[in-house]
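Readers should treat all values here as calculations from the given coordinates under stated rules, not as data from a laboratory. These numbers were taken from a predicted model, which means no experiment stands behind them. Note that we place each Cβ from the backbone using ideal geometry, even for glycine, and neighbour counts take in every protein chain shown.
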Amino acid sequence: MDLLVVAATPFELAWVGGAARTLSCGVGPVEAAAATAASVVGRRPEAILHVGIAGARRSSAIPLGAVVVGLRSSYSDIAAAIPVERVLAPAPSILAAAVRALPDAVVVEIATTAAVGRSTGAPVEAMEGFGVLRAAAIAGVPAIEVRVVSNVVEELDRSRWDIPGALAALAPTGQALLRQLLAGV
């Protein structure tokens, strides 16, 4: 399977090695959408696996280090008087593969926002997911978002975030899901 693994930073992709193509899309929904769209135009993959770290709302009770599979991706930074695309779901086959590969993962909505703490409603918040999934949807490529929780969204003191721990947990998480996807969804 021609799979593209997308993350905001090279640190979140270090575990991939040569097992799949990778794209470091940059931070935020605009960078993520633009970079993913450009990459897909150049060489259309069969599927996109978007990975990274994220924050969980205190009220969600999702602990630091937890693996989260996106049941859907919502875009928190857009509101208009006309209908706009705000929620996307992964392809059912990729979601099922993720659940098989990561049976202990929490499967919930992941909100995308351009600023930490700006999302509302979703238990998990990140900065690129909707951009990646929207670019994939427009191109007709199935995609899914998988994150490891590094922080509590409401915690503004970044010294209390566990980014190294989340990145360390991302490696076995990504490898397990990559094996599942490469074996056939």
### Packing-based ranking, highest mean first, of 139-146, 164-171 given that Cβ atoms within 10 Å are counted
139-146, 164-171
### Task
Provide the gained length on full extension for the span Q175 to R86, in nm with one decimal, where the gain is 0.36 nm per separating residue minus the Cα-Cα distance.
29.1 nm
### Query
Which percent, nearest 5, of DSSP beta bridges in the chain are antiparallel?
20
### Query
Can you work out ³J(HN,Hα) from phi for every residue in segment 73-86, in order, using Karplus 6.51 cos²θ - 1.76 cosθ + 1.60 and θ = phi - 60°, giving whole Hz and x for Gly and Pro?
10, 10, 9, 7, 8, 10, 8, 8, 6, 10, x, 10, 6, 10
### Query
Between R58 and I78, what length comes free when the chain is fully extended (0.36 nm per residue of separation minus the Cα-Cα distance, one decimal in nm)?
4.8 nm
### Message
With the cut-off at 1.5 for a/c, could you classify segment 55-125 from its C-alpha gyration tensor as rounded, prolate or oblate?
### Response
oblate
### Task
For n ≥ 4 DSSP H runs only, could you compute -39500 (n - 2.57) per run for the chain, divide by its residues and tell me the 222 nm figure to the nearest 500?
-9500 deg cm²/dmol
### Query
Which whole-number percent gives the relative contact order of segment 3-182, counting Cα pairs below 8 Å spaced six or more residues apart?
31
### Message
Once you keep just the Cα pairs under 8 angstrom separated by 6 or more residues, what percentage relative contact order results for segment 94-183?
### Response
28
### Query
What's the extension gain from A14 to A139 if we count 0.36 nm per residue and subtract their Cα-Cα distance?
42.4 nm
### Query
If you plug each phi of segment 47-59 into the Karplus form 6.51 cos²θ - 1.76 cosθ + 1.60 with θ = phi - 60°, what whole-Hz ³J(HN,Hα) values come out, in order, with x for Gly and Pro?
7, 10, 10, 9, 10, x, 9, 7, x, 10, 5, 3, 5
## Note on the structure
Checking V68, V108, V132 against a Gaussian network model of the chain (alpha-carbon springs below 10 Å), the top fluctuating residue turns out to be V108
### Query
What's the exposure ranking of T120, T9, T113, T36, going from fewest to most Cβ atoms within 10 Å?
T120, T9, T113, T36
